[in-house]
Amino acid sequence: MIILKLILKEIIYSKYNFLLSLMAVTAGVALFVAFFATTLASDLETKKIMLDLGQNLRVIPKHTAMDFFYDQGFSDKVMPEAYLANFVNSSSLVYTHLTATLQRKIDWQGSKVIMTGVLPEQYPKNGKKKDMPTTYSIIPGHAYVGHLIAKQNNLKKGDTLDIAGRSLIVETALAKSPNDDRDNIRIFMHLHDAQTILNLPQKINEIKALECLCFVEGSGGDQSLNLEQLARKELATILPDAEVLLSRGIADVRQKQRAMIQKYAAFVIPTLCLVLGLCLAILTLLNVRHRRHEIGIMRALGYGTVRISTLLLGKFVLIGMVAATVGFYAGTALAAHVGPDVFPITAHAIKPNYDLFKKAGVAAVAFSIVSAFLPVMIAISMDPAKTLKND
Amino acid sequence: MIKIKNLTGAYKKASTTIKAVDNLTLDIAEGEFVTIEGPSGSGKTTLLMTIGTMLQPTAGQVMVCGQDVYALSAGQRNRFRAGHIGFVFQMFHLVPYLSVFENVMLAAIKQDGPTRVCVRKLLDELGLSSRSTHRPEQLSTGEKQRTAIARALLNDPPLILADEPTGNLDPENARIVLNHLSDVHKTGRTIVVVTHGREAEDFATRQICLKHGKLA
């Protein structure tokens with residue numbers, strides 16, 4: 001008889017055992033998927049908060065009037081755009097995101113507007129491109145308009161606005177920023193458009209680096225060293241006319257938060273695996289104990305170890321596959337349900353991650369088989385002569 | 001058909017070694033209907049399981065159908081058992097989630113059309129045609145044992161080994177089952193029945209009595 005048919009018939013016959021086993025693996029998959037989906041949202045949330053609070057590293061022109069800088073949020077001076085290339089080409093800096101901006105406050109249509117020219121994010125030469133950029137990626141000739149400016153001028157997607165004779169197409173009218181009021185009076189555009197409008201070709205007034213924890217190669221990881229000083233020293237060679245502001249506090253918090261999540265995951269995931277694996281092993285033991293006569297008679301009928309193992313473990317391949325599918329969608333739904341309460345800004349990032357689905361499928365099948373393996377082997381190694389003796 | 005030479009089957013219980021079968025030599029010819037009788041613990045089932053290639057002996061040689069069965073590898077022994085030996089047990093050992101038809105098909109070496117026809121014929125001969133779709137829990141004990149006999153006969157093995165096949169049956173059903181085994185014997189097969197009682201003696205061509213693992 002075909003093994004699959006036997007497996008399915010046995011599943012129907014011992015449906016409660018099957019359902020409990022399925023629930024154990026499904027719960028595991030669902031919790032893992034929910035955990036990873038919310039971790040991703042948490043990561044993005046942190047990045048968004050980081051953006052709102054400021055970058056880890058801010059490079060501004062030398063001789064910037066700092067009272068103006070802290071008041072307006074940008075420098076009154078400019079520096080060469082080529083500094084960005086110097087930064088990117090430096091092999092001794094560690095960072096994940098890098099942007100260059102040119103900002104100026106102007107009068108436009110009777111309002112004060114912060115014109116913000118940004119370059120699409122730069123990544124380290126050998127770094128992996130991030131899934132989601134942390135700043136706007138604006139193509140030349142287009143603009144992202146802050147909430148207040150868009151409202152006052154009735155601007156919406158597709159409209160054209162004119163600044164100092166240069167026409168820009170509104171790409172999006174931004175939602176009201178809850179964190180920085182200045183964002184509501186910004187017009188974001190490509191850096192080169194801003195340079196043209198302001199007649200400051202090849203100039204910028206800030207480089208922002210995210211997750212630039214200013215690890216400087218050669219520091220040997222010695223925490224006693226003043227990393228800010230090291231970073232300044234390093235940057236002074238490649239950005240001679242620039243000032244460096246390092247937000248170590250934020251970086252430290254971020255690092256601590258990551259470490260905490262990693263510690264939490266390192267405890268929760270193995271514990272969860274162990275508990276669910278134990279549940280599955282006990283259920284399997286009960287099932288195969290109940291089936292010992294069936295195993296014995298199969299031996300008597302000439303079935304080999306491989307065939308009987310396939311019959312017994314095949315069920316757990318099915319359990320793993322079904323649990324992966326159900327658990328994946330349940331976990332994603334759980335994360336999407338809980339997400340908006342926990343991550344108001346980035347909850348939209350919680351959606352089915354099919355790469356995770358593939359991994360969950362393989363892991364769930366492997367987990368089911370590993371958990372059931374020992375009880376199945378114990379059952380198979382039982383002496384059929386003893387099992388089949390008259391009880 | 002069966003040649004047993006100096007067979008010893010021992011097992012350990014606590015620190016004591018118990019010889020269930022003790023240096024036994026026995027020949028059973030092709031076409032015989034042999035009953036093995038004896039009190040509990042006399043080694044009847046151990047002998048039957050050893051003949052059935054299910055229990056590795058401690059010492060001695062077991063030849064079945066001219067083959068030294070314990071000289072074979074485990075895989076070869078499985079294939080030999082499937083093709084040459086049919087088992088009937090006191091507790092029937094039917095698979096609970098399969099129908100009568102499927103329980104008999106479980107023994108099939110080939111899952112093809114002719115085998116299905118053969119299963120139907122066997123069920124018809126054993127009076128189980130109307131029960132072929134029923135599960136074991138829906139059968140009487142007599143029907144369960146007849147299903148087990150059908151399963152044992154499916155691959156047309158030359159040797160049938162039965163361990164107390166009537167032990168769980170009422171006298172009427174015991175008689176029916178023994179009649180079926182007798183019919184099987186008449187087709188030329190060799191039958192070895194382990195039994196406590198004497199009801200099989202009427203059908204047997206030879207009775208063997210065991211006591212303390214030796215021929216009495």
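Would you mind getting me the FRET efficiency between residue B:211 and residue B:18? Use the beta-carbon distance for r and R0 = 22 Å, nearest 0.05.
It comes to 0.95.
Summarise the partner chain shielding of A:295-308 as one whole number: the mean count of Cβ atoms from other chains within 10 Å of each residue's Cβ.
For this peptide, the per-residue mean of nearby foreign Cβ atoms is 6.
Working out 0.36 nm times the residue gap between residue A:200 and residue A:386, then minus their Cα-Cα distance, what length gain in nm do you get to one decimal?
Gain on stretching residue A:200 to residue A:386: 57.7 nm.
Any chance you could check the Cα centroid distance between segment A:369-391 and segment A:133-203 for me, in angstrom?
Going from one Cα centre to the other spans 72 Å.
Does chain B come out rounded, prolate or oblate by the C-alpha gyration tensor, with a ≥ b ≥ c the root eigenvalues, rounded set by a/c under 1.5 and, if not, prolate when a/b is larger than b/c and oblate if not?
prolate
Nearest 5 is fine: what % of DSSP beta bridges in the protein assembly as shown come out antiparallel, could you say?
Around 65 percent of the beta bridges assigned by DSSP in the protein assembly as shown are antiparallel ones.
Treating the angle as unsigned and between 0 and 90°, give the value, to the nearest 10°, between the Cα long axis of helix B:74-84 and the longest Cα principal axis of chain B.
For B:74-84 against chain B, the angle is about 60 degrees.
Once you place label points 7 Å from the Cα toward the Cβ at residue A:275 and residue A:16, how far apart are they in nm?
With each label point 7 Å from Cα toward Cβ, the separation is 2.4 nm.
Give me the distance in nm between label points sitting 7 Å out from Cα along the Cα-to-Cβ direction at residue A:359 and residue A:65, one decimal.
Each label point is offset 7 Å from its Cα along the Cβ direction, giving 5.1 nm.
Mind giving me the FRET efficiency for residue B:70 and residue A:264? R0 is 56 Å, r the Cβ-Cβ distance, nearest 0.05 is fine.
0.45
Quick check: from the Cα gyration tensor, does segment A:164-210 come out rounded (a/c under 1.5), prolate or oblate?
Because a/c hits 1.5 or more and a/b fails to exceed b/c, segment A:164-210 counts as oblate.
Modelled label-to-label distance, residue A:8 and residue B:120, 7 Å Cα→beta-carbon offset: nm?
Rounded to a tenth, the inter-label distance reads 2.2 nm.
Is there a simple number for the mean count of other chain Cβ atoms within 10 Å of the Cβ of residues in B:82-88, and what is it?
3
Do any of B:110/B:144; A:5/A:359; A:5/B:110; B:44/B:211; A:77/A:208; B:19/B:214 go past 18 Å between their Cα atoms, and which?
Where the Cα-Cα span goes over 18 Å, the pairs concerned are B:110/B:144; A:5/A:359.
Taking only Cα atoms, what is the 0 to 90° angle, nearest 10, from helix B:171-186's long axis to the longest principal axis of chain B?
80 degrees
If R0 is 51 Å, what FRET efficiency do you get for residue A:233 and residue A:325 from their C-beta distance, rounded to 0.05?
0.40
Summarise the partner chain shielding of B:96-106 as one whole number: the mean count of Cβ atoms from other chains within 10 Å of each residue's Cβ.
Average neighbour count from other chains, rounded to a whole number: 4.
Readers should treat all values here as calculations from the given coordinates under stated rules, not as data from a laboratory. Quick caveat, the model's predicted, so the values are computed rather than measured. Every residue, glycine among them, receives a Cβ derived from its backbone with ideal geometry; neighbour counts consider all protein chains shown.
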